Amino acid sequence: MRTDPDARPVPPDTVIADTRRWLERAVIGLNLCPFAKAPHAKGQIHYAVCNGAERADLLDALRAELQSLAAADPAERETTLLMAPRGFDDFLDFNDLLDDADAVLADLDLEGTLQIAPFHPRFQFAGTVEDDITNATNRAPYPTLHLIREASIDRAVAAFPEAEAIYEANMATLEKLGHDGWAALGVGPQHGGATS
């Protein structure tokens with residue numbers, strides 16, 4: 001994984017503020033995830049920042065955050081967003097890390113309890129070109145691992161059994177919005193540059 005040892009850490013408060021802005025304006029604002037609004041409004045989303053630039057740093061942070069989420073009362077902490085603003089700018093490298101992330105989940109015996117979903121500034125679905133606007137559904141300001149309770153997913157599916165309709169609605173929303181509309185949301189990193 002390519003890293004820049006001279007890249008300065010992004011202040012965690014900045015990373016969290018940028019991620020909250022993305023969540024509010026894009027994920028909730030565009031209704032990309034109809035299940036995000038309630039935990040956000042109730043303050044049940046935990047934000048964690050890993051400023052380490054190596055794969056081992058992020059996996060160590062992931063292990064700690066998985067354990068913390070599993071131990072937390074869901075009424076206090078429903079979900080966790082773990083952001084990695086340094087060293088993970090290449091989407092394919094970040095995507096390759098997901099196998100290791102799932103191995104950490106298995107090692108902690110949390111399969112079936114928690115899930116991990118990826119977001120990245122350059123996220124690209126298989127079968128799409130890089131600038132396809134529909135990739136924006138999974139584009140966050142920083143490489144991010146979303147730690148989700150399986151019980152929350154079960155409740156969401158029960159409340160919205162036509163889950164594929166969400167995906168289709170998101171594609172239509174983004175195609176209507178277009179690149180200019182997405183850029184106008186101002187949901188990228190505000191620290192003066194891309195991830196390093």
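Of all the options VAL15, VAL27, VAL157, the one that moves most in a Gaussian network model of the chain with Cα springs shorter than 10 angstrom is VAL157. Per residue, the accessible area of the range 37-172 comes to 47 Å², computed with a 1.4 Å probe over protein heavy atoms only. Global size of the range 91-171: 14.1, 38 Å for Rg and Dmax (C-alpha atoms, Rg to one decimal, Dmax whole). Each helix, a run of at least 4 DSSP H residues, gives -39500 (n - 2.57); summed and divided by the residues of the chain, these come to -13500 deg cm²/dmol at 222 nm.
Here the accessible area of the chain is 50 percent carbon and sulfur, with a 1.4 angstrom probe and all protein chains present.
Of the trypsin sites (Lys or Arg not before Pro) found in the range 27-92, those in coil by DSSP whose Cβ has at most 14 other Cβ atoms within 10 Å are LYS42. Running a GNM on the chain with Cα contacts under 10 Å, which residue among HIS120, HIS46, HIS179 ends up with the highest mean-square fluctuation? Checking each option, the largest mean-square fluctuation is seen for HIS179. Among the GluC sites (Glu not before Pro) in the range 33-136, those placed in a DSSP loop whose Cβ has at most 10 other Cβ atoms within 10 Å are GLU76, GLU130. Extent along the principal axes, Cα only, for the range 1-73: 38, 29, 21 Å, with the longest axis given first. Normalising by residue count, the chain has a Cα convex hull of 117 Å³ per residue.
The values are calculated or read from the model by the stated rules, or taken from the named source; none is laboratory data. Fair warning: this is a prediction, and the values are worked out from it, not measured in the lab. Cβ sites come from the backbone with ideal geometry, for glycine too, and all protein chains shown count toward neighbours. For the accessible areas, the whole protein counts, side chains as well, though only heavy atoms, and no ligand, DNA or RNA atoms are used. Shrake-Rupley method; radii C 1.70, N 1.55, O 1.52, S 1.80 Å.
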